[in-house]
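Here the structure comes first, spelled out in structure tokens, and everything after it is commentary.
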Amino acid sequence: MSLRTEGLSLGYDRRSVIEGLDLEVPEGQMTAILGPNGCGKSTLLKALARLIQPVAGRVLLDGTDVHRTNTRMLARRMAILPQAPVAPEGISVGDLVRRGRTPWRGALSPWREADAQACASALEAVGLGELEERPLNELSGGQRQRAWIALVLAQTTPLLLLDEPTTFLDLVHQIEVLGLLRRRNRETGLTVVSVLHDLNLAARYSDQLVLLGREGLVAVGAPADVLVPEHLKTAFGLSAQVVPDPVTGTPMVIPL
């Protein structure tokens, strides 16, 4: 399933955030959107997910403008996890995950075996099968984030968009969440697009990086091609040395 933008321009209240962006999201790969605060990372993700209307240009999913796609059909093709999702008070992990089946069910549709299997598979994938009956608010931060990821996995879409899925998590839980997404990507071919802040973790777990700066797109491509000193200087105003990660060989940024 292909996702791309053509001449995409985004902004708020007459303030331009992104102008004329042409971007291709590789199918079946992990893509991370990086950049300084206020550069439009989350705005771009929202545009890809049809949560905001472009000022100009288009977002195309399999060649069709997402704003011309039926809402239910779009929800069967892409799932989005926002930056700070809010759940009803007292909801259990299982009830939360079952909400991911909404695009596949009508208002009066009975619960089907396919729905149950999708939810069970999602819970197993995130390692929360034994906590299905636990209230969401009793879980740790890392467990709660995995529960939200289970919800979008239960939606069984080929494309997943996540806005800062590791924010507020400690390093161990960040690695846990990104490792989970990468395993799912490698095992099922799920296309994942995430907004991330940690450059080194993004390089370690992503196939493609999209680096934005205050003036728009700085670079797009493989981590080794994007995370180079001149691009970091342009995007962040950061002087840095880039060396191979001693564990993975992926780029590791060392600020100077």
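The values are calculated or read from the model by the stated rules, or taken from the named source; none is laboratory data. All values derive from a computational prediction rather than experimental measurement. In this analysis, Cβ positions are derived from the backbone assuming ideal geometry, glycine residues included, and neighbour counts consider all displayed protein chains. The accessibility values were calculated without ligands, DNA or RNA, using every heavy atom of the protein model including side chains. Shrake-Rupley method; radii C 1.70, N 1.55, O 1.52, S 1.80 Å.
Some notes on this structure:
- Length gained when the stretch Lys233-Asn70 is fully extended (0.36 nm per residue, less Cα-Cα span): 54.5 nm
- Per-residue ³J(HN,Hα) for region 26-38, Karplus 6.51 cos²θ - 1.76 cosθ + 1.60, θ = phi - 60°, Hz, x for Gly and Pro: x, 5, x, 10, 9, 10, 10, 9, 10, x, x, 4, x
- The Cα atoms of the chain define a convex hull whose projected area, averaged across directions, is 14.3 nm².
- Within the accessible surface of region 135-241, defined with a 1.4 Å probe on protein heavy atoms only, the carbon and sulfur portion equals 50 percent.
- Under 5 Å from the amide H of Leu212 lie the amide H atoms of Leu34, Gly35, Val218, each residue being 5 or more positions distant or on a separate chain, with H modelled from the backbone and absent for Pro and chain starts.
- Under the Debye formula (equal points on every Cα, no solvent term), log10 I(q)/I(0) of region 37-166 at q = 0.09, 0.12, 0.13, 0.14 Å⁻¹: -0.29, -0.50, -0.59, -0.67
- Measuring nothing but how far apart in sequence close Cα pairs (under 8 Å, 6+ apart) lie, relative to its length, the chain scores a relative contact order of 23 percent.
- Efficiency of FRET from Cβ geometry, Thr188 and Asp245, R₀ 25 Å, rounded to 0.05: 0.45
- The slack between Gln53 and Val86, meaning 0.36 nm per residue of separation minus the straight C-alpha distance, is 9.6 nm.
- Near Leu81, the amide H atoms lying under 5 Å from its own belong to Leu161, Leu162, Asp163; only residues 5 or more places off or on other chains count, and H is placed 1.01 Å from N.
- Between Arg15 and Asp207, the modelled labels are 3.5 nm apart [label points 7 Å from Cα along Cα→Cβ].
- Fraction of beta bridges assigned by DSSP in the chain that are antiparallel (%, nearest 5): 60 percent
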